[in-house]
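Chemist: The structure that follows is given in the form of structure tokens.
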Amino acid sequence: MSESSIISLQNVNKWFGDFHVLQDVNLEVKKKERIVVCGPSGSGKSTMIRCINRLEEHQEGKIVVDGIELTGNLKNIDSVRKEVGMVFQQFNLFPHLSVKENITLAPIWVKKMPKAEAEELAMKQLEIVKIPEQANKFPGQLSGGQQQRVAIARSLAMNPNIMLFDEPTSALDPEMIKEVLDVMVDLAEGGMTMIVVTHEMGFAKTVANRMVFMDEGRIVEEAPPDKFFNNPESDRTKLFLSQILNH
Amino acid sequence: MSSENFQQSRTPPIATTGLLGWIRLNLFSSWFNSILTILVIYLLYQILVPFLNWSIFAADFTHNYLGQQIIDRTFCTRVMDPEIGGACWAIIFVRFYQFIYGFYPVEEVWRVNIVYSLLVVAVAPLLIEKFPLRKYFLYFTLIFPIIAYFLLAGGFGLAHVSTKDWGGLLVTLVLGFTGIALAFPLGIVLALGRRSNLPVISMVCTLFIEFIRGVPLITLLFFGMVMLPLFLPEGITLDGLVRCLIAVTLFQGAYMAEVIRGGLQAIPQGQYEAAQSVGLSYWQMNRKIILPQAIRITIPSIVNTSIGLFKDTTLVLIVGQLDLLGIGRAVLAAQTWMGLSIEVYVFVAVVFIIFTFSMSRYSLYLEKKLKTGINMGAD
């Protein structure tokens, strides 16, 4: 692991039953780096980023996040989860809580923040994702794009050093994708370390420092976006790019 | 404009509003429905008229047809002259005290009355979400069982009243409410335990639930009476009513666990993942995210099993506790009131219906409220 890496995956292997979903995955992410992961479905992209905050358990290899190694040790898992925010494809907002309560819940219960302070923080985060006026609504009353922005605000409220995005725009109607991507671009410009699983190649080109292409559980190609899109090395990458860029 | 263009006058359309309209629409919409309606009216007439006659018009309440006050069965009209007499409700009036309090000492009965009144104060804020100052009343609900225990059993200067003297509605309510109240947290713990990732905990909870569910309540009651004392350290004896309470709570807890487990299974995996990813611990996640949603969707089933338990508490009469039904049978066993079993059983049934019907209406009200409330599906 190099000194400046904030996330380090070394020879990570994982199986779902007999299915070898991650095969010798190696990835180093530096502080403030923005990584975009792409690849066909079933290639292990989501599984890989879910291993980084231990929503999935890896069986072999080593994952170190901000100097903390992920093992069965629950304390380590808790510390890592405080460092790492995650945004899901299905938003996963808490439907029985208002937008504001969705955001204040973790600061109040995990960080023991006073309620008033947490609410102030929530409003600040909602300003950042540009929907402060929705604070007292319930998730079911919001559009998909608004829900996803609340989900981002909820993660940011824990003040993470790293943000993981697992296909954040895949469940959205086309006209709502931009509002979510705009928030993510702002976040990237603010210096957040980000790993984003997405098929939004326009976003990847503007934001990514590095592209990671995965197929069948392996990282097939890693390159800066410029080289990745214009001059990919592997045939598999070329085929994938031709399929997603030509339609 | 020529006169041919004017519409011919028509008969008015058949009314579909108002009482007549409703009757026409719902009861006589076709010849088949009409026959059914007439048949049902005839049957109701055949059943209701004799019943109303027996229970109200020909019935004795406190005095018989000669105007004498009824003090035992021999004064009942229907005992004196079966041809003209209806129900003899005097048995309920004369023995009302026993039905409501059992053999609780008369000079101490004010304590039971206070408990009955406080019970309303404790339960109302629990059921009504918009209850004023609900938060503070709920603290009272939490400590109510302790207050009720000392009021009923004695202590702090109040004379001791043995549970052997408790009876009737008092025992039914103590068993029903305590059983439901204790079974709820027990059920939550068992449901979470059964879904635990730790095999030992999951196995213990599963075995416990399956064992208790696989055994009739009456067996558990016998178990509490006969076998529980064998497991207790020497010198410690458990009160008979407490033993029944333990059996009833375990029984209800197992059922509650399965109901709540059903609710837990309906919560999408994403809710767990989102809760974990923001750093909530296992207990915080369950308390704040998972259980509130799971319980909300299972309220109708929770009320359903609670109604079942409330009725099942009558089984304690087999192990010698005089609940409402037990007191009824005790009253009937007395020479002075023998043979008036119909009146007693009807009375007991009506009391049970009042409680269970209220519970079922409440559950319907909640269902309606949840349906019109915030959409629970996030997307």
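Chemist: What list of ³J(HN,Hα) couplings, whole Hz, do you get for region B:116-133 from phi and the Karplus terms 6.51, -1.76, 1.60, once you set θ to phi - 60° and write x for glycine and proline?
Modeler: Computed from phi, the couplings for region B:116-133 are 4, 5, 5, 4, 4, 5, 6, 7, 4, x, 5, 8, 9, 6, 9, 4, x, 6 Hz.
Chemist: Label B:HIS160 and B:THR219 with points 7 Å out from Cα along Cα→Cβ: what is the distance between them in nm?
Modeler: My value for the distance between the label points is 3.6 nm.
Chemist: Still on this structure: What quantity of accessible surface, computed with a 1.4 Å probe and excluding non-protein components, is buried in total between chains A and B, in Å² to the nearest 100?
Modeler: Approximately 2200 Å², summed over both chains.
Chemist: Mind jotting down a quarter of the surface of the convex hull over the alpha carbons of region B:61-101, in square nanometres, one decimal?
Modeler: Convex hull of Cα atoms, orientation-averaged projection: 2.6 nm².
Chemist: Amide H to amide H under 5 Å from A:ILE6: which residues, 5+ apart in sequence or cross-chain, H placed 1.01 Å off N in plane?
Modeler: A:VAL29, A:LYS30, A:LYS31
Chemist: Determine the per residue accessible area of region B:181-263 with all protein chains present and a 1.4 angstrom probe, expressed in square angstrom.
Modeler: It amounts to 52 Å² per residue over region B:181-263.
Chemist: How are the alpha carbon pair distances in region B:233-272 distributed across 10 Å bins from zero to the largest one, expressed in percent?
Modeler: Going out from 0 Å in 10 Å bins, region B:233-272 shows 24, 28, 22, 15, 9, 1 percent.
Chemist: Within chain B, how many Lys pairs that are eight or more residues apart, or on different chains, come under 24 Å at the alpha-carbon?
Modeler: 11
Chemist: Can you pull the mean other chain C-beta count within 10 Å for peptide A:141-151?
Modeler: Mean partner-chain Cβ count within 10 Å for A:141-151: 1.
Chemist: What ranking, highest mean first, results for peptides B:144-156, B:283-295 when packing means the other Cβ atoms within 10 Å averaged over each residue?
Modeler: The packing order, highest mean first, is B:283-295, B:144-156.
Chemist: Give me, ordered by chain and number, the residues 5 or more places off B:CYS88 or on other chains with an amide H under 5 Å from its own placed amide H.
Modeler: Those qualifying (amide H under 5 Å, at least 5 residues apart or on another chain) are B:ASP60.
Chemist: For region B:21-75, what ratio Rg/Rh do Cα atoms give with a Kirkwood hydrodynamic radius?
Modeler: Rounded to two decimals, Rg/Rh equals 1.36.
Chemist: When Cβ neighbours within 10 Å are restricted to other protein chains, what is their mean count per residue of peptide A:80-91?
Modeler: Mean partner shielding for this stretch: 3.
Chemist: Rounded to the nearest whole Å², what accessible area per residue is found for chain A with the 1.4 Å probe?
Modeler: On a per-residue basis, chain A sits at 43 Å².
Chemist: Trypsin sites (Lys or Arg not before Pro), restricted to region A:67-145: which are DSSP loop and have at most 13 other Cβ atoms within 10 Å?
Modeler: The qualifying sites are A:LYS112.
Chemist: Roughly speaking, what % of Cα-Cα pairs in region A:194-247 are separated by over 19 Å, rounded to a whole number?
Modeler: Result: 17 percent of Cα pairs exceed 19 Å.
Chemist: Continuing with the same structure: Assign one of three labels to region B:264-379, namely rounded, prolate or oblate, based on the Cα gyration tensor with a ≥ b ≥ c the square roots of its eigenvalues; rounded applies when a/c is under 1.5, prolate when it is not and a/b is larger than b/c, and oblate otherwise.
Modeler: In terms of gyration-tensor shape, prolate.
Chemist: Right, here's the next one. Could you compute how much accessible surface B:PHE51 exposes when probed at 1.4 Å, giving the result in Å² to the nearest 10?
Modeler: Answer for B:PHE51: close to 100 Å² accessible.
Chemist: Enter the accessible area of B:ASP312 (Å², nearest 10), with the probe set to 1.4 Å and all protein chains included.
Modeler: Answer for B:ASP312: close to 50 Å² accessible.
Chemist: Further question on the same structure: Convert each backbone phi in region B:47-63 into a coupling constant with the Karplus relation 6.51 cos²θ - 1.76 cosθ + 1.60 (shift: θ = phi - 60°), then list the ³J(HN,Hα) values in order as whole Hz, x for Gly and Pro.
Modeler: Couplings: 8, 5, 4, x, 5, 5, 4, 5, 7, 10, 5, 9, 7, 8, 9, 10, 10 Hz.
Chemist: Using a Gaussian network model on chain A with a 10 Å cutoff between Cα atoms, which of A:MET201, A:MET86, A:MET113 fluctuates the most?
Modeler: Judging by the Gaussian network model, the answer is A:MET113.
Chemist: Describe numerically, in nm with one decimal, the distance between label points set 7 Å from Cα along Cα→Cβ at B:VAL123 and at A:ILE68.
Modeler: 4.8
Chemist: If a cysteine in chain B has no other Cys Cβ under 4.7 Å from its own Cβ, put it on the list, ordered by number.
Modeler: Singleton cysteines: B:CYS205, B:CYS244.
Chemist: Report the equivalent ellipsoid semi-axes for region B:55-131 in whole Å, largest first, defined as the square roots of five times the eigenvalues of the gyration tensor built from alpha carbon atoms.
Modeler: 37, 17, 8
Chemist: Let me ask something else. Once the mean 1/r over all distinct Cα pairs of chain B is inverted, what Kirkwood radius in angstroms do you read off?
Modeler: Mean inverse Cα-Cα distance, inverted, gives 25.3 Å.
Chemist: A further question on this structure: Near B:ILE353, within a Cβ-to-Cβ distance under 14 Å, what is the net charge of the other residues, with Lys and Arg +1 and Asp and Glu -1?
Modeler: That sum, taken over residues with Cβ under 14 Å, equals +2.
Chemist: Given a 1.4 angstrom probe, I'd like the percentage of the accessible area of the protein assembly as shown that is carbon and sulfur, rounded to a whole number.
Modeler: Roughly 61 percent of what the probe reaches on the protein assembly as shown is carbon or sulfur.
Chemist: Quick one: what do you get for the protein assembly as shown if you divide its Cα Rg by 2.2 N^0.38 Å?
Modeler: 1.36
Chemist: How would A:GLU175, B:GLU367, A:GLU127, B:GLU273 rank on accessible area, largest to smallest, probe 1.4 Å?
Modeler: Sorted descending by solvent-accessible area, the residues read A:GLU175, A:GLU127, B:GLU367, B:GLU273.
Chemist: Quantify how strongly other chains surround peptide A:99-110 by giving the mean number of their Cβ atoms within 10 Å of each of its Cβ atoms.
Modeler: The shielding value for this peptide is 3.
Chemist: What ranking, highest mean first, results for peptides B:357-363, A:182-188, B:28-34 when packing means the other Cβ atoms within 10 Å averaged over each residue?
Modeler: With the highest mean Cβ count within 10 Å placed first, the list reads A:182-188, B:357-363, B:28-34.
Chemist: Per residue, what accessible area does region B:289-379 have, given a 1.4 Å probe and all protein chains present, in Å²?
Modeler: 48
Chemist: Then there's this: Using a 1.4 Å probe, how large is the accessible area of B:CYS88, given in Å² and rounded to the nearest 10?
Modeler: Surface accessible to solvent at B:CYS88 totals approximately 0 Å².
Chemist: While we're looking at this one, here's another question. GNM, chain B, Cα, under 10 Å: largest mean-square fluctuation among B:THR336, B:THR356, B:THR298?
Modeler: So, out of B:THR336, B:THR356, B:THR298, the one fluctuating most is B:THR336.
Chemist: How are the C-alpha pair distances of chain A spread across 5 Å bins, as whole percents from the shortest bin up?
Modeler: Histogramming chain A at 5 Å steps yields 1, 6, 13, 17, 19, 17, 13, 8, 4, 1, 0, 0 percent.
Chemist: When the expected Rg is taken as 2.2 N^0.38 Å, what fraction or multiple of it is the alpha-carbon Rg of region A:4-127?
Modeler: Here the Cα radius of gyration is 1.22 times the empirical estimate.
Chemist: Explain nothing, just the number: relative contact order of chain A, from Cα pairs under 8 Å at least 6 residues apart, as a whole percent.
Modeler: 26
Chemist: Ranking request for peptides A:152-158, B:176-182: highest mean number of other beta-carbon atoms within 10 Å first, then the rest in descending order.
Modeler: Highest-to-lowest ranking by the protection proxy: A:152-158, B:176-182.
Chemist: Looking at the calculated P(r) for region B:11-50, what percent of the C-alpha pair distances fall above 10 Å?
Modeler: Value for region B:11-50: 71 percent of Cα pairs lie more than 10 Å apart.
Chemist: Okay, next question. Sequence-distant or interchain residues sharing an amide H contact under 5 Å with A:ARG210, placed H: which?
Modeler: A:ARG34, A:VAL36
Chemist: Can you tell me the relative contact order of region B:1-149? Whole percent, Cα pairs under 8 Å, sequence separation 6 or more.
Modeler: Answer for region B:1-149 is 12 percent.
Chemist: Cα convex hull of region B:121-273: how many Å³ per residue?
Modeler: Roughly 173 Å³ of hull volume per residue.
The values are calculated or read from the model by the stated rules, or taken from the named source; none is laboratory data. The model shown is predicted, which means the values in this text are computed figures rather than measured ones. In this analysis, Cβ positions are derived from the backbone assuming ideal geometry, glycine residues included, and neighbour counts consider all displayed protein chains. Accessible surface is based on the protein model in full, side chains and every heavy atom, while ligands, DNA and RNA are left aside. Shrake-Rupley method; radii C 1.70, N 1.55, O 1.52, S 1.80 Å.
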